[in-house]
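To start, the structure itself, in structure tokens.
Rule-based calculations on the coordinates, nothing more; no lab input. In this text, all values refer to a predicted model and were calculated from it rather than measured experimentally. Cβ placement follows ideal geometry from the backbone for every residue including glycine, while neighbour counts extend to all protein chains displayed.
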Amino acid sequence: MLAVLLGVQPATTDLYLPTLPALRADLGASVAAAQMTLGMLVLSFGIAQLVIGPLSDRLGRRPVLLSGLMLYIAASLASAGAPHIDALVLCRAVQGVGLACSVVCARAVLRDLFEPQEGAQVMARALGGVGFVALVGPLAGAAVADAWNWRAAFVLCSLFAAAALALVAWKLPESLAPRHRQPLRPGPMLHSLRRIATHPAFLAWSALMAGTYGAIYTYLAGSSFVFIETLGRSRLAYSLVLATATGSYMAGTFACRRRLQRSGLLDAVRRGAAFSALGGTAMLVIALLDWREPAAIATAMAAIAFGHGYHQPCAQAAVTGPFPAQAGMAAALAGFVMSLVAFGISAWLGWAANGTMLPVLGTQAVFALATALIAATLIQQLGHRLAPVAVARPAA
């Protein structure tokens, strides 16, 4: 269930990535406007989380999930029929609200049922399934775009969300205990928000989440223009490059699970930092030398993605760890930070696009190296604050 709910996010982005150049040409849009179909999605996704988190802490996870997935389906179908780029950007903003419901509630359910150490292992298993969605997404998007057009990718998004909606309605019970339901009064909400936002563990883990996601998001937002327009590769070839990175990410989640069982969160993050640093350094060299070799770029990206497979499960589970009664709000605030980073990247790439690889690959290298630095410093400094965690049994 966690894999399906979190999988809505890569389905939303990866399915249509191979179609971005065709979308831009068909709607007569600029590169900056095409980037905003992704940038506005993540901005809306981030802002909506600040509302969805407290709502799910008050009303429960299940009703927010059901209504959010229905909204997502409607927005996806509207995106498929968008007559111009401005309408598509608006539809993507609405889609981001529905996506926020799925992702925030999924992370909150994890905290409802598990303590951070075990939750990280569960998240690593789930993110392996999410990786499968990301693996198949670009291939499916390229296939339907070649068979029909870019609009078919959004129809696929709606079908995936409809399957998630049916699964939630059929199988997912409410996980939020009545004693943990929070009031929606502004005073207590602001107090909780201030407490979360200033907590050292939250600051460190959310910084790690933002850094590693920034490296991956830069690749998602800009690599189609690099491979299809700058390097002249086909949509199918580009989707295979994305699939390689996703396969490496999935391998990283499997390796993370083994490392967590052996030595815990901090050591797993330390191991991921080595791969982030290796991939980031390689990508920086490729960008500065303008080395137009797809295999070299794909290899550097695979190292970054492998490190991402360590960082994301640990960070997503640990960022809500100190806040069992405000898991929705903590997940929402961390997601909001990630979304602000992603929106800034979209705006930057649209402004900096110059027909070369440097804006995309250079930006990705900076985020990968920053992730390695955060993992090696801020996260490791939390060691003395992390008390041993008892394993919680999942609720019936």
Report summary line: The size of the Cβ-based charge dipole (Lys, Arg +1; Asp, Glu -1) of the chain about the Cα centre, to the nearest 20 debye, is 1100 debye
Query raised in the report: Taking neighbour Cβ counts within 10 Å as the exposure measure, how do TRP170, TRP205, TRP150 sort from fewest upward?
Result: TRP170, TRP150, TRP205
Query raised in the report: Exposure proxy check: TYR217, TYR310 ranked by fewest other beta carbons within 10 Å?
Result: TYR217, TYR310
Report summary line: Highest mean packing first, using Cβ neighbours within 10 angstrom, the peptides 48-59, 248-259 sort as 48-59, 248-259
Requested in this report: Determine which residues of segment 118-143 fall in the zone a paramagnetic label at SER234 would reach in this model, i.e. backbone nitrogen under 13 Å from the point 7 Å along Cα→Cβ.
Outcome: 142-143
Query raised in the report: Between ASN354 and ALA251, what length in nm is gained on full extension when 0.36 nm per residue of separation is reduced by their alpha carbon distance?
Result: 33.7 nm
Query - Gain in span if fully extended, ALA347 to PHE132, counting 0.36 nm per residue against the direct Cα distance - result: 74.5 nm
Report task. In debye, nearest 20, what is the charge dipole magnitude of segment 142-251 about its Cα centre with +1 on Lys and Arg Cβ and -1 on Asp and Glu Cβ, if you could check? Result -> 520 debye
Query raised in the report: Comparing GLY362, GLY119, GLY187, which has the greatest mean-square fluctuation in the GNM of the chain with Cα pairs linked when under 10 Å apart?
Result: GLY187
Query - HN-Hα J in Hz across segment 214-230 - Karplus 6.51, -1.76, 1.60, θ = phi - 60°, x for Gly and Pro - result: x, 5, 5, 5, 4, 5, 5, 6, x, 5, 5, 5, 5, 7, 8, 8, 6
Query - Label-point separation, LEU190 to ALA162 (7 Å along Cα→Cβ), nm - result: 4.5 nm
Query raised in the report: If you take the charge dipole of the chain about its Cα centre, with +1 on Lys and Arg Cβ and -1 on Asp and Glu Cβ, which of GLY247, GLY211, SER56 is farthest toward its positive end?
Result: SER56
Query raised in the report: How far is the Cα center of segment 263-308 from the Cα center of segment 65-138, in Å?
Result: 26 Å
Query - Radius 15 Å from Cβ of SER67, net charge of other residues (Lys, Arg +1; Asp, Glu -1) - result: +2
Query raised in the report: Any idea what the alpha-carbon Rg over 2.2 N^0.38 Å comes to for segment 135-288?
Result: 1.39
Query - Quarter of the Cα convex hull surface for the chain, i.e. its orientation-mean projected area (nm²) - result: 17.2 nm²
Query - Relative contact order computed over segment 240-396 (Cα-Cα under 8 Å; 6+ residues apart), in percent - result: 34 percent
Report summary line: Out of PRO359, PRO83, PRO138, a Gaussian network model of the chain with alpha-carbon springs under 10 Å gives the largest mean-square fluctuation to PRO83
Report summary line: The FRET efficiency for SER30 and LEU288, from their Cβ-Cβ distance with R0 = 25 Å and rounded to 0.05, is 0.40
Requested in this report: Name the residue farthest towards the positive end of the dipole of the chain from the options THR320, ALA161, LEU43, assuming +1 on Cβ of Lys and Arg, -1 on Cβ of Asp and Glu, about the Cα centre.
Outcome: THR320
Query - Fluctuation leader among ALA142, ALA74, ALA342 - the chain, Gaussian network, Cα springs under 10 angstrom - result: ALA74
